[in-house]
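Have a look at the structure below before the remarks.
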Amino acid sequence: MAINIGVDVGGTFTDFAVSMPTDGTHLYYKVPSTPEKPDRAIIRGLEDLLSSHSIEPSGVLRFSHGTTVGTNALIQRQVGKVAIITTRGFRDLIEIGRQTRPKVYDMHQDFPKPLVPRWLRYEVSERILADGRIHIPLDENEVKELGRILSLEKVDCVAICFLHSHAFPNHEQRAAEVLKSVMGDGVSIMTSSMVYPEFREYERFSTTVLNAALLTVMSAYLDRLTEEVKRIGLVADPMISQSGGGLMSATYSRQFPIRSALSGPAAGVIGASYRAVVAGERNIITLDIGGTSADVSLIANGQPSTVHARHLAGFPLRLPALDVSAVGAGGGSIAWIDRDELLKVGPESAGADPGPACYDRGGSVATVTDANVLLGRLPSEALLDGRMPIRADLAKNAIDSLSAQLNLSLEDTALGIVQVASAVIVKAMRAISVERGHDPSAFTLFAYGGAGPLHAMEVAKELGIKKVFIPPNPGILCAEGLLSSDLIADFVKPILCRFDESVIQNITLVWQDLNNQAVKWFQSEDVSDENRKTTWVADLRYEGQNFELSIPFEFDKFGKSEIEQLRSAFDEAHEVAYGYAQPNEYVELVNIKVKLSGVLAKPSLPKLAVSVDAKPISERKVCFQKGEWMETKVYRRLDLSRGQSLTGPAIIEQMDSIIVVFPGDIARVDDWGNLLVNIS
C-alpha cells in the first residue's frame, strides 16, 4: 500500500494528514507540540497513527514535513558559529545595511545585531568590477592564512561573500577551494553565489549568512528525525517543505536550510489553492489562524503569488517565498492592557506550554481561546475529540482579572478580546488586498487552522466578503497541503543590461546555462521526463527604477519577436501594478529565472456519499454580540450530509476545529465536504 504522510509542526499543535491512494481513504490526527524538541511530537503522533490504524511502516512511500526549526533558531539566535570572508573594505556591510530604520516613525527600534560579530568578519584582497574585469586578483595566500586562523576559532561554517560574485563567481569559488584545502571537511564552506546569486549585495550577503547559521541546526535536527523515523520502521526519507510552496529532499535541505524557514504557512496556501480550485473557487483570500499567529494570503485565478524579498527575524532574506503575511493574533495570543489603558491582543502567545489558562497546564493569563470558551463558542468540556480537557472555570478566572482592570463585565471583556484579535487580522488582510488594488468583496474567504473558522465570519463581515469556504479538516490543512505539493527548485542567472535586440545572444547563453542546471537538478532528484515542469520568468524594469517585475515566458529561443512580446507584457504588467506604463522608455533586463517542479502524485479529493441530514447532538448558550446569548444547536461535522444546509445560529464541532455560524448566515455542505457559508 502506497501511503503518503504530511506532518506540520506548529507552535501549539503538530498536525498529521495521511493519504492512502489505493483505497482513497484519508486520516487526520493532532497532538500537542513539543517546542523544545519538535521531533518528539512527530514520532509520538506517527507511532499513535501506525498502531491505532494498523498501518505497516514499510508501506509509507512519502513522508513530507513542514518545520519551524530554522525560524525558531534564528529568532532565539541559537545558531551555528559563522565567520565571513569578504572583499576588502566590505567587512561591515551586513551591519551598515541600507542605513534605513526598521520603522520610519520609530526612532528607538533598531535592527538586530548581526549574527556574525565583527571579530569573525574578515577581509581579503580581491575585486571584480561590475563588468567582470578583474581589478585586484584574489590573494590566495591571504585566504590560506585566514583558513588557519578560522581553524583555531572552531567555526561551524565560513560564508564567502564577494562583491559582484552574483554574476562573476570565480573568486568566490576559488577561495572556497583554498579554504577547503586548509580547513578540511570538518567545516562547511559556503559561497553567496551558491545560495541565490542575485544582485543587491546586502541582501545577498544577509541571505548567505542566514543559510550558513542554520546549517548545523537543521543538519542535527534532520539527522535526529531521520534516525527516529527509521527506528519506527519508516523507510522513506523526510521531504521538507519550502518557503516557495513545494518540497525538497532532506539532502537539499541540509545544504540550503534557509529555504525551509517560512515553509509552514506556504504548505497551507498550497493546500487551500488545491482544494479551492477543485471546488470551482479560483479567487480566494486565505486565513490561517493557529495557536500563535494568523497568516493571510491572496490567491488570484488559482495561482498563489510569490515574493523574492522578505525579512526573517529582522534580517533581509532574498529567496522566492509565497506571499504570506503573518500577525500575532492566534488562539494562544495573550490579552493585555497597554500604557494607554486600552485592551491589546498579541503578539505574545501562551504557545503550547503552558498554553491558554483553560488548558490547565499552568497558564494564568487571558488568551483568545479563553475568551471563546467563556462566550460558549468553544466547548467547555474538551477539545480534540475529548483528548484535551477544558477547564472553563480557569478561563473565567483569567479573564476576570483582566475585566477588573478594564472595569468591564466578563462578557464585555471576552467579546473585546475576540473583536480586537479580529481587528488585527482585518488590518493584515486589507494590506494584501485593498492596499494592492484588490476588492476583498470579489474574493471568497478561505478559513483554516484550528481557530480560523472561529473568527472567519466576523472578519468576512468587516471586509464585505459574502462567502466563507471551510475545508473538511481546517485545522490540519497545512499538513494536507504537504500531500498536494511537488518537488521544487529555483535557479536564477543575473544579466543586468538594456533589454533590446542587442542582447539576444547573451539571453540565449543564459537560458542555455539555466536549462543545463535544470536538467542536472531533475536528474539528481530522479524526476522522470513526464513529471518535469519548468516555469521561466524575466525580471524587467524601466531604466532608472530600483525594483523589477517578473514577467513569465514560455519560448526557448530568442529573437526580435520574443523580445517585443516580453516588452509588451512588461508594459501591461507595470500598468496593472502601478497604474501607468512608459512604452517609449528604455527597459532593463535584470535576471532570468526558472522554477522547476518535479510533479508528485496528489491525493484525490473524494466526494461525499449521499446520506440523511445530520441532527444536532446538543445545544448550548452562545454569545454572538453584546447582550445576545442565544440557545444554539451543536452539530458534529462528520455527521453533515452532502448538500445539507444549516441556518445560523449553529456550532459545528470536529476534532481539529470549531465552526461558528452566526445568526442569519447559511452554511451548506458541497460535494467534497467543504462548508460554504453565505454571510447575511
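The values are calculated or read from the model by the stated rules, or taken from the named source; none is laboratory data. These numbers were taken from a predicted model, which means no experiment stands behind them. Heads up, the Cβs are rebuilt from the backbone with ideal geometry, glycines too, and the neighbour counts pull from every protein chain shown.
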*Being in contact (Cβ under 8 Å) with a residue 12 or more places away in the chain, under 15 Å from ALA479 (Cβ atoms) and not aromatic (Phe, Trp, Tyr), is that true of even one residue in the stretch 86-98?*
no
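So, in the stretch 10-56, how many residues would count as being assigned to a strand (DSSP E or B) and of a type in the set (S, T, N, Q)?
The total comes to 3.
Taking strands (runs of 3 or more DSSP E) that fall entirely within the stretch 315-392, which contain at least 2 residues that are farther than 30 Å from ALA212 by Cα? Give the derivation first.
Working: elements: 315-317, 325-327, 333-337, 343-349.
Those strands (runs of 3 or more DSSP E) span 333-337, 343-349.
Inside the stretch 490-508, can you point out the residues that are loosely packed, with under 13 Cβ neighbours inside 10 Å and either in a loop (DSSP other than H, G, I, E, B) or not polar (S, T, N, Q) (or both)? Let's see the steps before the verdict.
Filtering the stretch 490-508 for residues loosely packed, with under 13 Cβ neighbours inside 10 Å gives 498, 501-502, 505.
Those that are loosely packed, with under 13 Cβ neighbours inside 10 Å and either in a loop (DSSP other than H, G, I, E, B) or not polar (S, T, N, Q) (or both): ARG498, GLU501.
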_Hits in the stretch 91-129 - residues which are at pLDDT below 80 and within 22 Å of ILE75 (Cβ to Cβ)_ = THR100, ARG101, PRO102, LYS103, ASP106, HIS108, GLN109, ASP110, PHE111
*Mind checking which strands (runs of 3 or more DSSP E) fall wholly inside the stretch 534-634 and carry at least 1 residues that are polar (S, T, N, Q) and under 30 Å from GLY416 (Cα atoms)?*
618-625
*Given the conditions (1) surrounded by fewer than 16 Cβ atoms within 10 Å (Cβ to Cβ); (2) within 25 Å of the chain's Cα centre (by Cα); (3) assigned by TED's automatic domain parsing to the domain that holds THR14, report the number of the one that SER51 does not fulfil.*
(2)
*Is it the case that some residue within the stretch 545-555 is buried (at least 17 other Cβ atoms within 10 Å of the Cβ), in contact (Cβ under 8 Å) with a residue 40 or more places away in the chain and farther than 21 Å from PHE199 by Cβ?*
no
*Filter the stretch 403-414 down to residues that are farther than 13 Å from PRO356 by Cβ and in a helix (DSSP H, G or I), then give me how many there are.*
8
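Which residue, of ASP385, ASP323, is charged (D, E, K, R), under 19 Å from SER293 (Cα atoms) and in contact (Cβ under 8 Å) with a residue 24 or more places away in the chain?
Working: ASP385 fails: under 19 Å from SER293 (Cα atoms).
Criteria check complete, one pass: ASP323.
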*Given (1) at pLDDT below 90; (2) closer than 28 Å to VAL590 by Cα, where does THR34 come up short, assuming only one miss?*
(2)
_Test result for GLY363, without any contact (Cβ under 8 Å) to a residue 40 or more places away in the chain and of a type outside the set (Val, Ile, Thr)_ = yes
*Can you name the condition, by its number, that LYS607 falls short on among (1) touching a residue at least 40 places away in the same chain (Cβ under 8 Å); (2) closer than 30 Å to LYS533 by Cα; (3) buried (at least 18 other Cβ atoms within 10 Å of the Cβ)?*
(3)
_Given the condition closer than 30 Å to ALA300 by Cβ and surrounded by fewer than 16 Cβ atoms within 10 Å (Cβ to Cβ), answer yes or no: does some residue in the stretch 355-373 qualify?_
no
*Can you tell which of ARG254, ARG282, ARG259, ARG275 is assigned to a loop (DSSP other than H, G, I, E, B), touching a residue at least 12 places away in the same chain (Cβ under 8 Å) and either more than 14 Å from the chain's Cα centre (by Cα) or within 23 Å of LEU210 (Cα to Cα) (or both)?*
ARG282
*For THR67, work out the one condition from (1) farther than 16 Å from TYR221 by Cβ; (2) buried (at least 19 other Cβ atoms within 10 Å of the Cβ) it doesn't fulfil.*
(1)
*If you go through the stretch 489-513, how many residues are more than 23 Å from ALA321 (Cβ to Cβ) and aromatic (Phe, Trp, Tyr)?*
2
*Filtering the stretch 653-680 down to residues that are assigned to a strand (DSSP E or B), in contact (Cβ under 8 Å) with a residue 24 or more places away in the chain and of a type in the set (A, V, I, L, M), which residue is surrounded by the most Cβ atoms within 10 Å (Cβ to Cβ)?*
VAL677
